[in-house]
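> Quick one: structure below, then a few questions.
The values are calculated or read from the model by the stated rules, or taken from the named source; none is laboratory data. These figures come from a predicted structure and were not determined experimentally. No Cβ is skipped: glycine too gets one built from the backbone with ideal geometry, and neighbour counts run over all protein chains shown.
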Amino acid sequence: MCGIVGAIATRDVSPILIDGLHRLEYRGYDSTGVALLDDKGVLQLRRAVGKVVKLEEKLRESPCAGRIGIAHSRWATHGGVTEANAHPHVSGGRIALIHNGIIENYVELRAELQAKGYVFASETDTEVIAHLIHDFAREGSDLTAAVQRAVRRLKGAYAIVVFDAQQPDRICVARIASPLVIGLGSDGGNYVASDVQALLPVTRRFQFLDEGDVAEIRRDSVTIWDAHDQRIERPVHESSLSADAVERGDYAHYMLKEIHEQPRALADTLSERLLGDHVLEAALGPAAERILPLVQSVHIVACGTSYHAGLVARYYLEQGARVPCTVEVASEYRYRDPVVMPGTLFLAISQSGETADTLAALREAKKLGYVGTCAICNVAESSVVREADLALMTRAGPEVGVASTKAFTTQLAALGMLGLAIAQRRGLDRRTVALYARQMAQVPTLVEHTLKLDGQIREWAKRFADKHHALFLGRGPSYPVALEGALKLKEISYIHAEAYPAGELKHGPLALVDDDMPVVAVAPNNALLEKLKSNLQEVRARGGQLFVFADPNTGIEPADGVDVMTMPDHIEALQSPLIYTVPLQLLAYHVAVLRGTDVDQPRNLAKSVTVE
């Protein structure tokens, strides 16, 4: 959730740190800060409430530079949004530290340190770590040893980066349950960040730390110790991402760019996995051949948009592969005692692969007797992917906008392929598998055609901009699509929006319908169409204003109080959730633009939720 950047080099690293913070802005934050050790050996600290530009203003007013430094963007957990609570935190004028995560035993440690004379300047749990390391350092431990001693005292989740003004030859880092990556430079420097995107302008070579690792980063070397304090080598990965992969180009917002990138992202996701008439099981990893034949049911766990993808997948798996499927919110799964039926595959869906609740659920699942674990994810180096038995990458590329778009549709594509892979193993007719595979292959082209509705959707948006509430309706697999459409609208336009299965209208939501409540309906031409039409008549009878995205063969015609937008022809059942999602994304985007909200970084939200 929060952003971490650190650097030690033979040149001034302050531009690298600030650029890294900008590249991590998509994660969501409310304050920023930077600590540098200047050429006189003085620790320089600058912090600001608000966006990175506020920190840049501070640096222009009071410039500082250094060959070693750390920077952070904070999303408040312990303590309010104040400059005093912003990172980095400093102890004794020498220890500077930044931290992602939550320290569960910070109250106990705070009392212990206060008894030793430490005065706390913030309300955060993070400051405890800085003082703890300082306490060990003043006892004589070098920085690396002080960090190793300190992390043994910590309970909770953390990624920490720290330097000592009295030992300017190194930065030390450590992690438990929060992502941290080391970037290996070739220009007399090395780097660290919470996400590879922050470091792409300076390196493509990365080492990913495992749970419990502590590392010492010098200008010309990196040394890593595992959770048992044993020296260990972590593999070096070459990233294929380009430094401009997260640039906005000619688009007004990242979200709009990412909506329009969906045809290519979907094509990339299907490429080399969908082979004409079947799905290549090997795309799931070497364990697929062992695990897939054992699958008798699937248990999906996810959060937010990924949870909606899971709800769609239930239809793919039950109707296509004929296996029972349950879908659950990860934050709820963690705190109950699930009964695991024999032959159940645990499936975790996460855009970032670091979602705290989903990752914790995966770790719990590995103890509970599932036949195997699988991840659908967009980040190959993430914790969820590394820890699951099977993984299918979505290949969406970097997604900067907080409101997920291409990550969601590529998740649906990946889930469709997973469903086909399981169906193949369960002996589904080869001609039927081939038919479904061909339908999946057509999705990128259909999405491209759907994007041409952008102008019409922009006109519809004008009729939503002054509203305070909206209702979204769908039936069958279109209900999760309606859920996702409502989520997009509320996330970025701040209009209260809810979604319901259309058949549930008369059980309560119909009481809300009036001529000031726009009702958006998703109407593909499927077996539930006539039922949906009856539900729409219930809305019209109460004076509701209908906005219907309809297949051209539905027979739904524009009328007084009924606006109809015709979708591309020949959308099949397997394709429908993917295609009908796109106009709902565009509608939310254009409404938000008209309302003047921060489309890419909506208030109170973060891209990657790495705390509980």
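> Ala434 - would you say it is in contact with a helix residue (DSSP H, G or I) (Cβ under 9 Å, 6 or more places away or on another chain) and either among the basic types (Lys, Arg) or assigned by TED's automatic domain parsing to the domain that holds Gly369 (or both)?
Considered against the rule, which asks whether it is in contact with a helix residue (DSSP H, G or I) (Cβ under 9 Å, 6 or more places away or on another chain) and either among the basic types (Lys, Arg) or assigned by TED's automatic domain parsing to the domain that holds Gly369 (or both), Ala434 comes out as no.
> Output the residues belonging to the range 510-530 that are more than 20 Å from Pro552 (Cβ to Cβ), surrounded by 20 or more Cβ atoms within 10 Å (Cβ to Cβ) and not hydrophobic (A, V, I, L, M, F, W, C).
Scanning the range 510-530 gives a single hit, Pro518.
> Right, here's the next one. Working carefully through the options Arg219, Arg170, find the one that is part of a strand (DSSP E or B), closer than 27 Å to Asp19 by Cβ, among the charged types (D, E, K, R) and in contact with a strand residue (DSSP E or B) (Cβ under 6 Å, 6 or more places away or on another chain).
So the residue among Arg219, Arg170 that is part of a strand (DSSP E or B), closer than 27 Å to Asp19 by Cβ, among the charged types (D, E, K, R) and in contact with a strand residue (DSSP E or B) (Cβ under 6 Å, 6 or more places away or on another chain) is Arg170.
> Within the range 86-109, does at least one residue satisfy the condition of being among the basic types (Lys, Arg) and at pLDDT below 95?
no
> Among the residues of the range 352-376, write down those that are in a loop (DSSP other than H, G, I, E, B) and at pLDDT below 95.
Of everything in the range 352-376, those that are in a loop (DSSP other than H, G, I, E, B) and at pLDDT below 95 turn out to be Ser352, Gly353, Glu354, Thr355, Lys366, Lys367, Leu368, Gly369.
> Follow-up question, since we're still on this one. Does Leu412 meet the test of being assigned to a helix (DSSP H, G or I), under 25 Å from Ser297 (Cβ atoms) and not β-branched (Val, Ile, Thr)?
Criteria met by Leu412.
> Just to be sure, is Val161 part of a strand (DSSP E or B), buried (at least 16 other Cβ atoms within 10 Å of the Cβ), modelled with pLDDT of 95 or more and not hydroxyl-bearing (Ser, Thr, Tyr)?
yes
> Out of (1) among the hydroxyl-bearing types (Ser, Thr, Tyr); (2) closer than 23 Å to Arg425 by Cα; (3) modelled with pLDDT of 95 or more, what's the single condition that is false for Ser306?
If we test Ser306 against (1) among the hydroxyl-bearing types (Ser, Thr, Tyr); (2) closer than 23 Å to Arg425 by Cα; (3) modelled with pLDDT of 95 or more, just (2) comes out false.
> Pull out all pairs, ordered by first then second residue, where Cβ-Cβ is under 6 Å, the residues are six or more apart or on different chains, the first lies in the range 197-212 and is among the small types (Gly, Ala, Ser), and the second is buried (at least 22 other Cβ atoms within 10 Å of the Cβ).
Ala198/Val5; Ala198/Gly20; Ala198/Arg23; Ala198/Leu24
> Among the residues of the range 526-558 satisfying the criterion of being within 16 Å of Phe472 (Cα to Cα) and among the β-branched types (Val, Ile, Thr), which is modelled with the lowest pLDDT?
Val539
> Is there a residue being hydrophobic (A, V, I, L, M, F, W, C), outside the structural domain of Ala313 (by TED's automatic domain parsing) and in contact with a Gly (Cβ under 6 Å, 6 or more places away or on another chain) anywhere in the range 524-541?
yes
> Related question: List the strands (runs of 3 or more DSSP E) that sit entirely inside the range 512-606 and contain at least 2 residues that are on the phi > 0 side of the Ramachandran plot and touching a strand residue (DSSP E or B) at 6+ places or on another chain (Cβ under 7 Å).
none
> So which residues in the range 23-65 are at pLDDT 95 or above, under 29 Å from Ile102 (Cβ atoms) and of a type in the set (Gly, Ala, Ser), if there are any at all?
Matches in the range 23-65: Gly33, Ala35, Ala48.
> Do we find a residue being in the same structural domain as Gly416 (by TED's automatic domain parsing), touching a Pro at 6+ places or on another chain (Cβ under 8 Å), of a type in the set (D, E, K, R) and over 29 Å from Val593 (Cα atoms) anywhere in the range 288-302?
No, because not a single residue in the range 288-302 is in the same structural domain as Gly416 (by TED's automatic domain parsing), touching a Pro at 6+ places or on another chain (Cβ under 8 Å), of a type in the set (D, E, K, R) and over 29 Å from Val593 (Cα atoms).
> Looking only at residues that are assigned to a strand (DSSP E or B) and within 17 Å of the chain's Cα centre (by Cα) in the range 337-351, which one is farthest from Arg322 (Cα to Cα)?
Only one residue tops the list, namely Ser350.
> In the range 591-612, which residue that is closer than 15 Å to Tyr494 by Cβ and surrounded by 21 or more Cβ atoms within 10 Å (Cβ to Cβ) is modelled with the lowest pLDDT?
Gln601
> Would a scan of the range 232-242 turn up a residue that is more than 21 Å from Ile4 (Cα to Cα) and in contact with a Phe, Trp or Tyr (Cβ under 9 Å, 6 or more places away or on another chain)?
Within the range 232-242, one or more residues are more than 21 Å from Ile4 (Cα to Cα) and in contact with a Phe, Trp or Tyr (Cβ under 9 Å, 6 or more places away or on another chain).
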